[in-house]
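Q: What follows is a single structure, and I will ask about it in a moment.
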Amino acid sequence: MKLHCCPAKTALTAINKNGFPSAQALPNTKPSGEEFMSKLLRRRWTLLSPDTNIHQITVSSKQGQKGGGLFSNVSFLKNNQPRLGNMMLYENQGLSFYIVRDDLLHPFVNGNKARKLDGLLPLIEDHGVTDVVTCGGCQSAHAAAVAVSCAERGLKSHLLLRGEQPQILTGYNLISTIYGNVTYVPRSFYAHREEMLQTHASMVAGHTGGVVYCNDIIDSSLASQTFECSKFVLRDAPRGTENYSRKVAIVNEGAKDAVALLGMFRLVDHLSQDHLLGKKRAFNFVVDSGTGTTAVGLGLAAMYLGLPWKITAVMLADTMDTYRQQERRLIAEFKRQFRFLLDCHKLNGANDGIVHWVDRCHPRKFGNVLEGEIEACQQVAQQTGIPLDPVYTLAAWEMATRITRAHEDDSNVVILHTGGTLGMFGLAQRYKSYFGMLNYAIKSWFCVLIRKSFMLILAGR
């Protein structure tokens, strides 16, 4: 992916190199919601376009079958070209939900990882950063996305992965190893992430380099009137040589900073166009939540634009109190960083909660896979062609199916596909018995099909 700049619709008196209006250009009056979005989005992005496919999934009931997984009494049918915009009002959609196919954005950098990095990477480049340090689990989709994205634009990535190196490199671990510089960190040391990241970044920077956090980059940009790139590093110095000062940027685990919300604002602005979901129709967005950053970004953007959208976040990794604390932190951080552009009155109710946090349909310790979930992913893939993984996206799919079948509200349900399906390769190593059952299920299904066909032949049909 290359960096792309969205064309300006209206002229600003002054724009800094990061695409933010300089302090000299800031008006005395706060812009409206649409004006704020226009100014916020008039900047460089990683993705060529915010476009994404929207598919419709019809849910049908069927007789239960043994060994059929979580959806043994349900079948799914995908519509690749559903009616959107005003046409949605005239269609009897029955039991169905929509899915935003962000998993198709990039072979390796897809889903919410692509959205988080969409606004972050241009800022990193514009500030002369040469190296990026981040961390994650052994099969971290975030770490792999950072590694690939950095390699595509000539930056060096340094990935601190929790635990021991697996015997066989596969999935996101393999991608991280191919594209980045991987270091495996003992779990006891990894528990102190901030100290771990700072120590490793300082080691990469060396005596002549320096370390900066992503939030510091935004703060310095918005506080400066000139918005010149940092002089900490000579940006014209060849990155392939060793005789230059390194500037190392630290990206937190999962990119769970306010700057990561920029990509979600861009996505919501795109989806709310009249020919897609529009601004007046009620939708219930269902998203699986690891750090919760994606859900908060969706909710914040929807509230600021006055959209009647509900955000249902399926909690996967922590308690509700922790997620709500993360939500309040991100909102406060976003308000502080973009205070010059925001009309904070539009976010007055944000502190009361903009995300509806819910437990997973079948709660468990984060990362664990339950019996029948691999078969459920297989069923969805075979019936719709949409790949899911049992740790993240299956949780959103299961919740959307439950809400749709229960007719819980009049809103149309929409899943935001967060990608992450390469993680299945790592799970196949960990849950060999579960994946071994796939062959058994296929053979059993084939035997049933042969038996039924033989009975029809005998009946003369």
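Q: Are there trypsin sites (Lys or Arg not before Pro) in the stretch 280-353 that DSSP puts in a loop and that have at most 14 other Cβ atoms within 10 Å, and which ones?
A: For trypsin sites (Lys or Arg not before Pro) across the stretch 280-353 that sit outside H, G, I, E and B with at most 14 neighbouring Cβ atoms in 10 Å, the list reads K280, R339.
Q: Also, quick follow-up: Beyond 19 Å between alpha-carbons counts as too far, so tell me which of K116/K279; K113/K335; K113/K256; K279/K310; K113/K432 fall in that bin. Walk me through the numbers on the way to the answer.
A: Numbers: K116/K279 23 Å; K113/K335 22 Å; K113/K256 11 Å; K279/K310 13 Å; K113/K432 27 Å.
Long pairs (Cα-Cα over 19 Å): K116/K279; K113/K335; K113/K432.
Q: Same structure, new question: For the stretch 72-165, which GluC sites (Glu not before Pro) pass both filters: DSSP loop (anything but H, G, I, E, B) and at most 12 other C-beta atoms within 10 Å? Please report the intermediate quantities before stating the final value.
A: Numbers: sites: E91, E125, E152, E164; in loops: E91, E164.
Of the GluC sites (Glu not before Pro), the ones in loops of the stretch 72-165 whose Cβ has at most 12 other Cβ atoms within 10 Å are E91, E164.
Q: Okay, moving on. Could you compute the FRET efficiency for S220 and N73, with r as their C-beta to C-beta distance and R0 at 45 Å, rounded to 0.05?
A: Values: r = 56 Å, r/R0 = 1.25.
Computed FRET efficiency for S220 and N73 comes out at 0.20.
Q: Also: Quick one: if the Förster radius is 30 Å, what FRET efficiency do H270 and N348 give, using the C-beta to C-beta distance and rounding to 0.05? Don't skip to the end; give the middle numbers.
A: Working: r = 26 Å, r/R0 = 0.85.
Rounded to the nearest 0.05, the efficiency is 0.70.
Q: I've got another one for you. If you filter the stretch 283-380 for chymotrypsin sites (Phe, Trp or Tyr not before Pro), then keep DSSP loop positions with at most 13 other Cβ within 10 Å, what is left?
A: Values: sites: F283, F285, Y304, W309, Y323, F334, F338, F340, W357, F366; in loops: F338, F340, F366.
Counting only loop positions with at most 13 other Cβ atoms within 10 Å, the chymotrypsin sites (Phe, Trp or Tyr not before Pro) in the stretch 283-380 are F366.
Q: Relative contact order, percent, of the stretch 272-348 when contacts are C-alpha pairs under 8 Å separated by at least 6 residues?
A: 32 percent
Read-outs: derived from the displayed coordinates by stated rules, not from any lab. All values reported here derive from a predicted model rather than from experimental measurement. Virtual Cβ from ideal backbone geometry, glycine too; neighbours counted across all protein chains shown.
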